[in-house]
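Chemist: Below is the structure I would like to discuss, written out as structure tokens.
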Amino acid sequence: MKNERYADTIMRGHFLYWDMLGNLCGIENHKEDNLQWLTGDISHTYFTSNVGVENTAERIKRGEIPANLLFLSDNSDESRTEPFLSSGLFRKSSETIGMAHELCDTALPEPDRRINLLRVREISQLKAAGAILNAVFEYNIFSLDKFMEMFESTRQFFYLAEYEGLPVGAVMSQHGDDYVNISWVGTLPGYRKLGIAGYLIQMAERDGIERGKALGVLHGYPGIVGAYRRLGYEEYSRGTGLEFCG
């Protein structure tokens, strides 16, 4: 698979995630030929090709599109945000890195005997996974009812890690047509650097292999990509966030 195909699959996984959120929370996903934007509890504008700075600024001022922008591009394209930043109307707010790797059915190393890994199959396990994700991301992503809606879907899967019997880590994945999108990865403070997140991601990948998926994709912040590289992931795309300040 060529690099542009990796970047395309990462982008499809990204929008699969946002479509899922929209279906759950009433976040509306608007689409045009060169951009996509979300309105509701979460508001962002996503650019997938070049657009004019002044036109974008005017649309923001008129309230047509959100003022938080996110540019998605492959690693070879580093200039798309330059006109926006040099205009003085926008400032950089964030950066994410899209990563991918081919799934392969390799033997998993044995985890620490104090770590218990499992696919969530019961409501009590889902409640624990949801509580971990809400705590790690420092806001209530969803209520238990919303986690239940995801849990009942045939495309969303949750994984839970226990350490000496205590729930300490969780991962959620989504299945696209030929890929697994890792959406949330969380480990509670005090239990990090034990490899827990990696084991859970590999569990999600193993389920994908069993269901005929070929590629694993995810987005990470610069400080965490080293951990994903150790699992075989490589960088193929970038997401650059801008805020309107004009």
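The values are calculated or read from the model by the stated rules, or taken from the named source; none is laboratory data. All values reported here derive from a predicted model rather than from experimental measurement. Please note: Cβ atoms are built from the backbone with ideal geometry, for glycine as well, and neighbour counts cover all protein chains shown.
Chemist: What number of residues within the stretch 140-162 are surrounded by fewer than 19 Cβ atoms within 10 Å (Cβ to Cβ) and more than 16 Å from the chain's Cα centre (by Cα)?
Modeler: Of the residues in the stretch 140-162, 11 are surrounded by fewer than 19 Cβ atoms within 10 Å (Cβ to Cβ) and more than 16 Å from the chain's Cα centre (by Cα).
Chemist: Yes or no: Ala204 touching a Pro at 6+ places or on another chain (Cβ under 9 Å), surrounded by 15 or more Cβ atoms within 10 Å (Cβ to Cβ) and either free of Cβ contacts under 8 Å to residues at least 60 places away in the same chain or at positive phi (or both)?
Modeler: It is false that Ala204 is touching a Pro at 6+ places or on another chain (Cβ under 9 Å), surrounded by 15 or more Cβ atoms within 10 Å (Cβ to Cβ) and either free of Cβ contacts under 8 Å to residues at least 60 places away in the same chain or at positive phi (or both).
Chemist: Quick one: which of Tyr179, Tyr199 is at pLDDT 95 or above and in the same structural domain as Ser124 (by TED's automatic domain parsing)?
Modeler: The unique qualifying residue is Tyr179.
Chemist: Restricting the search to the stretch 14-52, which residues are touching a His at 6+ places or on another chain (Cβ under 7 Å) and touching a residue at least 40 places away in the same chain (Cβ under 8 Å)?
Modeler: Result: His14, single match.
Chemist: Do you know which residues across the stretch 217-246 are among the hydroxyl-bearing types (Ser, Thr, Tyr) and within 21 Å of Val180 (Cα to Cα)?
Modeler: Across the stretch 217-246, the qualifying residues are Tyr221, Tyr228, Tyr233, Tyr236, Ser237.
Chemist: Considering (1) in contact (Cβ under 8 Å) with a residue 24 or more places away in the chain; (2) assigned to a helix (DSSP H, G or I); (3) surrounded by fewer than 13 Cβ atoms within 10 Å (Cβ to Cβ), say which one Asn55 fails and leave the rest.
Modeler: It is condition (1) that Asn55 fails.
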